[in-house]
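Below: one structure, written as structure tokens.
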Amino acid sequence: MTALPVEGDGSIDWTLVSHVNGLARDLPAPVDSALGFLGEYGVPLLSVLMLLATWVWARRRPDAPGAVAGVLWAGVAAGTALMLNVPVRALVRRPRPFVAHPGQLDLLRSHQANGSFASDHATFTMAVAVGILLVNRRYGLIAMALAGFEGFLRVFMGVHYPTDVIGGYALGTATTLLLAPIAMALLVPLAHSAARGPLAPLVRAPRRGRGARSAPVPAPAGADGRDGVRANRDDLAA
């Protein structure tokens, strides 16, 4: 195994990192701290919250088991992509920008000097976004925007090159899409089975209101339904 060559001062990757990270020098320290927190923890957490919001929506769908299975796959795909990135990092062994260019970047948060390619954060957020997009387009586009913002922040923080982010996006997308047919073939029957057991509330939202407690036999009704109600009352009086 050989490491990727260190990005020289004239490379596009390094030029982009230095320019994007240079924006941090012109911002107030509290803003840098807030953006650093978002890039490390905040945006991934928002991606998880988007996953939960999609699950809440999926439970209310008429095809709830299938939709919930899709949401479950989005989460599993993100974890799978992160595991696949472990051997990728070990194989590539690319130094991070702040390691290859010590003292030349404004590092917003202290970071471990491990492999830079591919970005775990980009991999995770994109895998979640693509998985959600397969289930709900609107939520998926929001999650995509979060993944794009996360990629920018990782470069802004000085901990990744742009190609590290692109590699993470590619890994997250490929994992989610390529394994989806196999995963859904397993998860959809599992969700249907869970919907018939004690785990049913996790798959299908309980119905609320009077209609959920009883299922009255419909009475003949006019256009507005009042004739049917009056007929039922007349039958009871008789």
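Where a number appears in this text, it was derived from the coordinates with a stated rule and is not lab data. Note that the structure is predicted; figures quoted are calculated from it, not measured. Positions of Cβ are backbone-derived with ideal geometry, glycine not excepted, and every protein chain shown enters the neighbour counts.
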Completion exercise
The distance between the Cα centres of segment 93-163 and segment 9-36, in whole Å, is 14
Fill in the blank from the handout: Other residues with Cβ under 12 Å from the Cβ of Arg204 give, with Lys and Arg +1 and Asp and Glu -1, a net charge of +4
Problem - Net +/- balance of residues flanking Gly168 in space, Cβ distance below 10 Å, scoring K and R +1, D and E -1 - result: -2
Fill in the blank from the handout: The answer for the net charge of residues other than Gly115 whose Cβ lies under 11 angstrom from its Cβ, with Lys and Arg +1 and Asp and Glu -1, is +2
Exercise for the section: Quote the relative contact order of segment 12-203 in percent (integer), defining contacts as alpha-carbon pairs under 8 Å separated by 6+ residues. Expected result: 32
Practice task
Answer rounded, prolate or oblate for segment 57-167, using the Cα gyration tensor with square roots of eigenvalues a ≥ b ≥ c: rounded when a/c is under 1.5, else prolate when a/b is larger than b/c, else oblate.
Solution key: prolate
